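Read the structure below first, then the notes.
The values are calculated or read from the model by the stated rules, or taken from the named source; none is laboratory data. Keep in mind it's a predicted model, so treat the numbers as computed, not measured. Glycine also receives a Cβ, built like all others from the backbone with ideal geometry; neighbour counts cover every protein chain displayed. For accessibility, only protein heavy atoms count, side chains too; no ligands or nucleic acids. Shrake-Rupley method; radii C 1.70, N 1.55, O 1.52, S 1.80 Å.
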Amino acid sequence: MKKTRLGVNIDHVATVRNARGEKYPDPLALALLAEKSGAHSITIHLREDRRHIRDYDLKNLKKKLKIPLNLEMAPTKSMLKIAIKYKPQFVCIVPEKRMEITTEGGLNLKRDINSLKNIISKLKKQKIRVSLFIEPKISDIKLSRRLGADCVELHVGKFCRMINNNKYSKLTFLKLKKTAFFAKKIGLEVHAGHGLTYKSAQLISKIYCISELNIGHFIVAESLFIGLPNSIKKFKKIIGS
């Protein structure tokens, strides 16, 4: 039976903390609770503007967590230097725009091909698993393989918005499925993330080739009502984790 891993993104705990400039709620405390509740990994996005996660969060998490830490980062020299310094088990390279509310889409692989290839190579020399956050397109899958990535994380925001608006699209779902199957076929591990809720996660977890879902905003929001352990346990049951 297929087991889908659950990665819990804790960025928005830091967002709440930073809103008042306090030391609480502590992202590390939530990460440790998520670990205890059955999360398979913890994801953080250390943005260049440090709007939520800060450098000391990365340092503390790397020191205290027993499950893998997945660092999302922009493809820049400064972020590469930080990743090599702290050596998280996983790195997911993502695009960044200064004025965006959250990540708006996948990487532009063709535009950044040379810098991405260099960054991926240096990370892999440090024995860090490297994932690329991309749109669900066959062309991007092929290029990810050429660049030397270990994994791809499919940006499933469009599909999730459709589900949230009760506009399920079989065509969009089949496109995700086809893309995931192709990635797996050519040797890439396949993950999915962005905007996942109980309903959309249940649907996407049915795609056999997708081995990991990374979920943050909805888990943190749902935790306000039912608590983090219950939210994680519910997701794990839904996705067959």
Cα-based Rg and Dmax for the range 1-116, in Å, come out at 14.5, 46
Output the peptides 217-230, 59-72, 139-152 sorted from most to least packed, where packing is the average of other Cβ atoms within 10 Å over each peptide's residues.
139-152, 59-72, 217-230
Two-decimal log10 I(q)/I(0) for the chain, as the Debye equation yields it once each C-alpha is a single scatterer, q = 0.09, 0.13, 0.14, 0.15 Å⁻¹:
-0.34, -0.75, -0.88, -1.03
Whether the range 119-234 is rounded, prolate or oblate, judged on the alpha carbon gyration tensor where a/c under 1.5 counts as rounded
oblate
Counting only protein heavy atoms and rolling a 1.4 Å probe, one gets per residue an accessible area for the chain in Å² of 51
Compute the Cα gyration tensor for the range 93-167, then decide on rounded, prolate or oblate, letting a ≥ b ≥ c be the square roots of its eigenvalues: rounded whenever a/c is under 1.5, prolate when a/b is larger than b/c in the other cases, and oblate in all that remain.
prolate
Estimated 222 nm signal from helices in the chain, with DSSP H stretches of n ≥ 4 weighted -39500 (n - 2.57), rounded to 500:
-14500 deg cm²/dmol
Quick one: ranking Arg54, Arg129, Arg161 by accessible area, 1.4 Å probe, largest first, what do you get?
Arg161, Arg54, Arg129
Of Lys125/Lys233; Lys3/Lys158; Lys184/Lys234; Lys63/Lys117; Lys23/Lys85; Lys63/Lys158, which pairs sit farther than 32 Å apart, going by alpha carbon to alpha carbon?
Lys125/Lys233; Lys63/Lys158
